Amino acid sequence: MKIGIVCYPTFGGSGVVATELGMALADKGHEVHFITYNQPVRLDYLSHKLHFHRVLIEEYPLFQYQPYELALSSKMVEVVEKHQLEVLHVHYAIPHAYAAYMAKQMLLEKGIDVKVVTTLHGTDITLVGSHPTYKTAVEFSINNSDVVTAVSNNLKETTNQLFNIKKNIEVIYNFIDVDKYDKEEHQECKRSALAEPHERILTHISNFRPVKRVEDVVKVFYEVQKEIPSKLLMIGEGPERIKASTLAKQLKIKDKVFFLGNSTEVAKILCYTDVFLLPSQTESFGFAALEAMAAKTAIISTNTGGLPEVNIHGKTGFLSNLGDTEDMAKNAIQILKDGASLEFFKQNAKEHAKKFSIQNILPVYEDIYKSCYKSKV
Ligand code: GMT
């Protein structure tokens, strides 16, 4: 099939999932066209099956805000027409689902019926989408998509609670290529560069926005390192980074906490991680936790949003109430207390990650595209 994928090209989970999906579809022989303002960070190659179309914004002094939706919908029309795309799969409702609706209407006037699949990822519903500023347009564009999917049962329920949704939302979990994270086969797992053999490594990866509660990460680690010799790796960039590093300094653990910035080599970093910390205010799914689990890493997280669908309490790690850093630290120590306990959680994490394997999830998306296509004939 010929599929257009619209996403944010940055380090956020929705962009990463959309990019991995597009690359996997191309590997299976579909023709995939990414339409966004920059080449997605995880899109590391292009081919005759994998294309990237940049949305260019024309600056004009009159505009305080550049009208990205207009440029995006115009680009969608151009690419659909030129490459005869059958489906536009948009990731993150704002503003992609809205722009796709406009593109669809423009194309209908030309006698082209492109189908729109919208995947809801989380904050497009919870933190941003339901805000009165956007709610009307988000609800409209969800209701006017041909198919709507959400990345967890919790996100589906939340969407139905916050909006008046008139169609069924299909739950398709985020997915992972488990083999890519296989530690044993990983050639460049250089743990010794960061920690002594007797030390444990804890890691946090995010975009350091307030929702990620990165200060809680530091607080948890502070308690853990008192009991267990360990290091903390902080991967990512974002507005809360300074607060986290200031706290590490105040707690006098700066020499044990490494802020490594954004990375496109997450698998390499996770290959030497023992425990992954995700104390988020909310997560519709927690893709970063799934990546960690695929890399055989135990998870300490909150019990908010869709996290309990990914991290199984007492098996792949532990869940705690939001802000209860003492409980999180206690649980992390429980995991790290001896080699057998750590291996138990790590092994379970790896096994559970297989439930979200790309081989299981990719055909579900293909079926959705095919069902759209069939309904056109
Ligand atoms: O929260 C982020 O780091 C980014 C955000 C995004 O949209 O890029 O992530 C959301 O989508 C991910 C992929 O589906 C989910 O795994 C994350 O849980 C979700 N974030 C939130 O709900 C806060």
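Annotations for the structure displayed:
- Only strands (runs of 3 or more DSSP E) whose full extent lies in segment 234-315 are considered here, and the ones with at least 2 residues that are in contact (Cβ under 8 Å) with a residue 24 or more places away in the chain and among the aromatic types (Phe, Trp, Tyr) are 257-261.
- Of the residues making up segment 60-110, just one is more than 26 Å from the chain's Cα centre (by Cα) and on the phi > 0 side of the Ramachandran plot, namely 84.
- Any hit, segment 37-55, residues being among the polar types (S, T, N, Q), over 22 Å from the mean Cα position of the chain (by Cα) and surrounded by 14 or more Cβ atoms within 10 Å (Cβ to Cβ): no
- Looking only at segment 69-113, residues that are surrounded by fewer than 18 Cβ atoms within 10 Å (Cβ to Cβ) and among the hydroxyl-bearing types (Ser, Thr, Tyr) come to 1 in all.
- Verdict on residue 278 being within 15 Å of residue 218 (Cα to Cα) and either more than 13 Å from the ligand (Cβ to nearest atom) or at pLDDT below 95 (or both): no
- Taking the criterion of being within 15 Å of the ligand (Cβ to nearest atom) and either under 17 Å from residue 358 (Cβ atoms) or not in a loop (DSSP other than H, G, I, E, B) (or both), the residues of segment 8-23 that qualify are 13, 14, 15, 16, 17, 18, 19, 20, 21, 22.
- Which listed residue, of 339, 306, 323, 317, is farther than 20 Å from residue 201 by Cβ and away from the ligand (no atom under 11 Å from the Cβ): 323
- Taking segment 140-223 and the strands (runs of 3 or more DSSP E) fully enclosed by it, the elements with 3 or more residues that are within 15 Å of the ligand (Cβ to nearest atom) and in the same structural domain as residue 94 (by TED's automatic domain parsing) are at 147-150, 169-171.
- Number of the condition not met by residue 251 [criteria: (1) at pLDDT 95 or above; (2) of a type outside the set (Gly, Ala, Ser); (3) more than 15 Å from the ligand (Cβ to nearest atom); (4) buried (at least 17 other Cβ atoms within 10 Å of the Cβ)]: (4)
- Here segment 117-133 is the region considered, the condition is being of a type in the set (A, V, I, L, M, F, W, C) and more than 9 Å from the ligand (Cβ to nearest atom), and the residue that is farthest from residue 169 (Cα to Cα) is 128.
The values are calculated or read from the model by the stated rules, or taken from the named source; none is laboratory data. This is a predicted model, so every value here is computed, not measured. Positions of Cβ are backbone-derived with ideal geometry, glycine not excepted, and every protein chain shown enters the neighbour counts.
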